[in-house]
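S.K.: Would you mind keeping the following structure in view while I ask a few things?
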Amino acid sequence: QQIQEDLNKQLLDNLLSFLSRSHSDFQEKTTKWTCRMKFREIPTAALVLGVNVTDHNLTFRGLSDVLQDNITPYVALLEAKDCPGIKNLMQKLMGQLMNCDIEVDSLEDEDCVQVSQNRIRCSMPSLVSWYESVTKKTDSETPSKKRNSSSRHWQSPPVVVIFKDMESFTTKVLQDFIVISSQHIHELPLVLIFGIATSPMIIHRLLPHSVSSLLCIELFQSLSCKEHLSTIIDKLLLTSRFPFKLGGKVLQVLINIFLYHDFSVQNFIKGFQLCIMEHFYSQPLSVLCCHLADIKKRVYSLSNDQCENIRRLPSFRRYVEKQESGKQVELLTNDSFLKEETEKLLEDLHVYHENYVSILRCLHVFTSSLPKYPLGKQIRELHCACLENQVWETEEYESSLQLARMLNKADLVTMLQQCVEILMSSSGKEFNKTVEKLKEFLTQFQNLEAEASQERDVSVSSQKELQKKTDLYHLQKTLLELKESRRSKKLTKFEMLRFEVVDYIDRLVRKYLVPADKRTLHEIVYFNAATVLRGHLNAAPRTALHTALNNPHWYLKNQALKCDGGGISNKAPDICIVYKLHLECGRLINLVDWLEAFSTVVMAAEEPNADAASSDEVDDIIHARFIRAVSELELLGFIKPSKQKTDHVARLTWGGC
């Protein structure tokens, strides 16, 4: 929440500045406001938020809180679903401004709202009268009260109306409201804010010129949702503050859902929270997923069963296999020795995270400056590549190195300076020598400039000597030597230094960006169950529906419903029996045959009754149950009435799930 508030701060500050200018014009009755009043223009902010509609509520909530805390208590948030007509819009608007709840359904035939003991008609003149009475009451307060209120709100504060989803409002409602409001703009300091998900051009598509000309529009653009996501990943995942980490495949699942489904940062965070809950619920050793200062306390409080769980971890078993035979016996039999070793391994894992993040940022400095972005422009793409496999073995990494060996001196110097800043700000203790080496490279680049100027002087003098040689033999000999030197293409000092810098960065990558699944005890900290997460987030309604109807025991956990070999239990719900029978039919299903089969299954466990009257009642009940089950199946979309035969229905679904 804090990160999102910081990201929206610039946008909110710009909106506050816009409201301040609009309000000052009204309050001082300046020439600018007089002109606007003459043309009946309403100050309007067009707020383009992007297609990530699920994130808009948080932005509007923050905007409303900021306005009510600093500028005006009169803020109304309107949604299209609550405003099908102008009457509903006015009811909702006046209800929010006057702090009274309004049920639109109960006021369909009335145009009034109940405020205290009075009924006020929902119209713009009533709103103007109410505003004037409220502001006069504020002006007549005692100086001390007035000083306290003015410290938060402005004198004669504006009335801000926010249309959260402008595209969803009907054209007539918007037109009527704008035309009516423009006629009272000289009495009411009204400011409109349009929440736009697509493009500002939607204003001119929804509103004709005669209406849009009544608006004084200023455009505001929110931060891109991709930039928003990159900041969230940078602050939440690429940090050593939080011990919990996401595996490469899990992170890729969340990013793919973001990129290919909704662009919603809120849904990404919900997926991240789901990963946290799933990890701490399913991993018995998640108690050790803690900060560095708490490791020792938690390790030495482990039970015998938890020690056995550590020994069962695949990464720990690989670690044991690499040890000497004596140490292997101690690790597998001695719990005290195991706890000491676990404490050391978890501390090493924390150090690995700190070093990993620092070197990842350094590598991103190089790769993001390359022209083709082989490893991606965003750091999240590079992070996923490093988590999934050894990044230095990929073709993208090799092409990145080749491009880095072609960078000019200015770019290299800038990158090295950024890497020095990153490593100096890192909490890792292993980078002192690395920082010294990078500074040494910077010094060598500076020395190259002086040497380059001397070489230019030498080349100029050699050309002059060449011009002085008039003897044909010596002239040909000198030209042949120059030609041979060009053929050999001997590397310059700058090219050699550039190769040395790139090779050094490559060694750092190979040392510190080892994939997390290669580290011992990574299962304690990393959540890698991508299949489980995908099952939670990627809904498969048809599969779930088929499972529920074909095997109700899966959800109801009732042993009476359990049947093997594809049989049909008469204890199952009616719709399940009807569904399983319909799977055995072709394209057209005869209702009479279907009813007989249903009756046979239902009556299978019941004894035959000799009483004809009671038998007829039973048949009627079974008939009614069958009709209801078939109607439910039709509602779910599995069948539909057939026009070919009136006593048949057509099947709509085929194939297994």
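The values are calculated or read from the model by the stated rules, or taken from the named source; none is laboratory data. Here the structure is a predicted model, which is why all the values come from computation and not from measurement. We place every Cβ from the backbone using ideal geometry, glycine too, and count neighbours over all the protein chains shown. The area values use the complete protein model at the heavy-atom level, side chains included, leaving out ligands, DNA and RNA. Shrake-Rupley method; radii C 1.70, N 1.55, O 1.52, S 1.80 Å.
S.K.: Check whether at least one residue in the range 306-315 is closer than 30 Å to L423 by Cα, in a helix (DSSP H, G or I) and not polar (S, T, N, Q), and report yes or no. Show your work before the answer.
M.R.: Within the range 306-315, the subset closer than 30 Å to L423 by Cα is 315.
Subsequent filtering for residues that are in a helix (DSSP H, G or I) retains 315.
Narrowing the set further to residues that are not polar (S, T, N, Q) leaves none.
Within the range 306-315, none of the residues are closer than 30 Å to L423 by Cα, in a helix (DSSP H, G or I) and not polar (S, T, N, Q).
S.K.: Of the conditions (1) in contact with a strand residue (DSSP E or B) (Cβ under 9 Å, 6 or more places away or on another chain); (2) surrounded by 17 or more Cβ atoms within 10 Å (Cβ to Cβ), I217 clears all except one; give me its number.
M.R.: (2)
S.K.: Collect the residues in the range 39-55 that are surrounded by fewer than 21 Cβ atoms within 10 Å (Cβ to Cβ) and in a helix (DSSP H, G or I), keeping them in residue-number order.
M.R.: Those that are surrounded by fewer than 21 Cβ atoms within 10 Å (Cβ to Cβ) and in a helix (DSSP H, G or I): F39, V53, T54.
S.K.: Something else now. Restricting the range 563-612 to residues that are among the charged types (D, E, K, R) and farther than 22 Å from L652 by Cα, which is modelled with the highest pLDDT?
M.R.: For the range 563-612, the residue satisfying everything is K571.
S.K.: Something else: Restricted to the range 399-433, and to residues that are open to solvent by less than 60 Å² (accessible area, probe 1.4 Å) and in a loop (DSSP other than H, G, I, E, B), which residue is nearest to E495 (Cα to Cα)?
M.R.: Ranking the qualifying residues of the range 399-433, first place goes to R405.
S.K.: Please note which helices (runs of 4 or more DSSP H) are completely contained in the range 518-609 and include at least 3 residues that are touching a residue at least 40 places away in the same chain (Cβ under 8 Å), touching a Phe, Trp or Tyr at 6+ places or on another chain (Cβ under 8 Å) and surrounded by 12 or more Cβ atoms within 10 Å (Cβ to Cβ).
M.R.: Where helices (runs of 4 or more DSSP H) fall fully within the range 518-609 and carry at least 3 residues being touching a residue at least 40 places away in the same chain (Cβ under 8 Å), touching a Phe, Trp or Tyr at 6+ places or on another chain (Cβ under 8 Å) and surrounded by 12 or more Cβ atoms within 10 Å (Cβ to Cβ), they are 574-582.
S.K.: Could you run through the range 327-363 and say how many residues are among the charged types (D, E, K, R), open to solvent by less than 50 Å² (accessible area, probe 1.4 Å) and touching a Leu at 6+ places or on another chain (Cβ under 9 Å)?
M.R.: Qualifying residue count, the range 327-363: 3.
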